[in-house]
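Chemist: The structure that follows is given in the form of structure tokens.
What follows is calculated from the coordinates using simple rules that are stated; it is not laboratory data. Computed from a prediction, not measured in an experiment: that's the story for all the values here. Every residue, glycine among them, receives a Cβ derived from its backbone with ideal geometry; neighbour counts consider all protein chains shown.
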Amino acid sequence: MIELWRGAVNAWECDELGHMNVRFYLAKVSEAIANLAEEAGLNPVQRTDASATLIPRDIHIRFLAEAHPGAPIFIEGGFTAHDNTTATAILVMRHSGGRQPAASFRVTLGHASPQNAKDFAWPERFAARADALMAQVPDFAAPRGLALTDAPTPARLTRADALGLETIGRGRFGPAEMDPFGWLRAEFLLGRISDSVTNFASAFPEEWAMHESGGSGNVGSALLECRIRPCRWPQTGDGFVVRSGLKSAGTRVRNIVHWVLEPATGLPWWTMEGVAAPMDLDARKLLSVSDDVTARLETACIDGLCA
């Protein structure tokens, strides 16, 4: 792997859990991907005059160690595969001091037109340069709580209603969320979920009980792993609703599914499955789940739900 980004965790990038919010992991990785593209012989893919860009088609992330305000971090990476129009990249965010991995990212990238977001063939020079940038996937980047081969449940608003998926978020995409070509930036695939998940009462009853009692307490919900599948790319002014369900629950973690849908058409913008757990914000460790809460979670699970 080669170094692709280096910087630090800003205080304003951290949330109520006291560590860097998930959206900013993807924001920094997006910069790293642009640098990887340049190393592979492509012209700058994030400039407004670019004739081609890179668009994420599938994203798998593992969050491995907290990144606190002020922490120096860097990202290294390379390619693991490529075909005529797409390539898969592996990136690792590490703490600069001891090189401890903070997160891993496996991203399938489409070589796409900025005008219509459709993939087209790489330039001839790409293959040889990409081959020279090949990297191995470290063991810690392998999926742990997700089956990446799962077929997605067709995400539609009517299907969400039939399954009884909770509404945990709703709004409109704004101009500050867009890339140079007018499409939603990848970081907000996580950002909009992060802004909404505190409303997911059935998946996080411990945190919901804290809010019902007035908001005082030390419980938060931590995302440990996720897979994001973009379906279409929103533009400024498009509406969205987040419909969510509990796929499975164990004694420590729970698998949750989010469908981000367009209310006007009922079609999906993107889907995501995450592995999450309640976190004791004082002890900085995952909470032990009581038998009563475990039973409630198991009752709330929806059979066959996938992202």
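Chemist: Using the Cα gyration tensor of segment 145-186, with a ≥ b ≥ c the square roots of its eigenvalues, what is the shape: rounded (a/c below 1.5), prolate (a/b larger than b/c) or oblate (neither)?
Modeler: Cα axes put segment 145-186 in the oblate bin.
Chemist: Could you list H211, H111 so that the one with the fewest beta carbons within 10 Å of its beta carbon is first and the one with the most is last?
Modeler: On the way: H211 15, H111 23.
Lowest count first: H211, H111.
Chemist: Got a sec to turn the phi values of segment 63-79 into Karplus ³J(HN,Hα) couplings, 6.51 cos²θ - 1.76 cosθ + 1.60 with θ = phi - 60°, whole Hz, x for Gly and Pro?
Modeler: Per residue, the Karplus-derived 3J(HN,Hα) values read 9, 10, 7, 4, 10, 8, x, x, 5, x, 9, 9, 10, 10, x, x, 9 Hz.
Chemist: Just to be sure I understand, if you calculate Cα extents along the principal axes in Å for this structure, which of (1) 86, 63, 33; (2) 65, 47, 34; (3) 59, 48, 34 do you get?
Modeler: (3)
Chemist: Projecting each Cα onto the charge dipole of segment 93-139 (Lys/Arg +1, Asp/Glu -1 at the beta carbon, about the Cα centre), which of A117, A135, Q100 comes out farthest on the positive side?
Modeler: Of the listed residues, the answer is Q100.
Chemist: While we're looking at this one, here's another question. Can you tell which of L184, G304, T294 lies farthest toward the positive end of the dipole of segment 145-307, using +1 and -1 charges on the Cβ of basic and acidic side chains (Lys, Arg; Asp, Glu)?
Modeler: Ranked along the dipole, the leading option is L184.
Chemist: Under 27 Å Cα to Cα from K118, which lysines show up? Leave out anything in the same chain fewer than 8 places away.
Modeler: Candidates past the 8-residue exclusion: K28.
Chemist: Counting other beta carbons within 10 Å of each residue's own, what order do I75, I256 fall into, fewest first? Mind dumping the intermediate values first?
Modeler: Details: I75 25, I256 28.
With the sparsest Cβ surroundings first, the list reads I75, I256.
Chemist: Which of the aspartates and glutamates could a cross-linker bridge to K247, judged by Cα under 17 Å and excluding same-chain residues fewer than eight apart?
Modeler: By straight Cα distance, K247 reaches D150, D161, E166, E225, E273, E298, D303.
Chemist: Taking the alpha-carbon centroid of each part, what is the distance from segment 174-188 to segment 60-103 in angstrom?
Modeler: 22
Chemist: Another question about this same structure. Karplus couplings for segment 243-259 from phi (6.51 cos²θ - 1.76 cosθ + 1.60, θ = phi - 60°), rounded to Hz, Gly and Pro as x?
Modeler: So the J values, rounded to whole Hz, are 10, 9, x, 8, 7, 7, 8, x, 6, 10, 10, 9, 9, 10, 10, 10, 10.
Chemist: To the nearest 0.05, how large is the calculated FRET efficiency for T299 and D49 if R₀ is 51 Å and r is the Cβ-Cβ distance?
Modeler: Working: r = 55 Å, r/R0 = 1.08.
The value I calculate is 0.40.
Chemist: Further question: Using Cα pairs closer than 8 Å and at least 6 residues apart in sequence, work out the relative contact order for segment 236-284, in percent.
Modeler: The normalised contact order for segment 236-284 reaches 31 percent.
Chemist: List residues of segment 230-246, by number, whose backbone nitrogen lies under 15 Å from a label position 7 Å along Cα→C-beta of T265.
Modeler: Residues passing the 15 Å test: 230-241.
Chemist: Counting Lys and Arg as +1 and Asp and Glu as -1, each charge on the Cβ, what is the dipole of segment 145-307 about the Cα centre in debye, to the nearest 20?
Modeler: 420
Chemist: Now a separate question. Let me make sure I get this right: for segment 159-307, a, b and c are the square roots of the gyration tensor eigenvalues over alpha carbons, sorted descending. Under 1.5 in a/c it's rounded, otherwise prolate if a/b > b/c, else oblate. Which is it?
Modeler: It is prolate, given that a/c is not under 1.5 and a/b is the larger ratio.
Chemist: Given charges of +1 on the Cβ of Lys and Arg and -1 on the Cβ of Asp and Glu, with all other atoms neutral, how large is the dipole of the chain about its Cα centre, in debye to the nearest 20?
Modeler: With Lys and Arg at +1 and Asp and Glu at -1, about 380 debye.
Chemist: Something else about it: Around A8, which amide H atoms from residues at least 5 apart in sequence, or from another chain, sit under 5 Å from its own amide H, with H modelled in the peptide plane?
Modeler: Here I73 satisfy the definition.
Chemist: Along segment 261-271, what does the Karplus equation 6.51 cos²θ - 1.76 cosθ + 1.60 (θ = phi - 60°) give for ³J(HN,Hα), rounded to whole Hz, x for Gly and Pro?
Modeler: Once rounded to whole Hz, the list reads 10, 8, x, 5, 10, x, 8, x, 7, 7, 10.
Chemist: How do V197, V293 rank when sorted from fewest to most other Cβ atoms within 10 Å of their own Cβ?
Modeler: If I rank by nearby Cβ atoms, fewest first, I get V293, V197.
Chemist: What shape does segment 1-142 take by its C-alpha gyration tensor, where a ≥ b ≥ c are the square roots of the eigenvalues and a/c under 1.5 counts as rounded, a/b above b/c as prolate, and the rest as oblate? Don't jump to the answer; show the numbers that get you there.
Modeler: Details: a/c = 2.13, a/b = 1.65, b/c = 1.30.
In terms of gyration-tensor shape, prolate.
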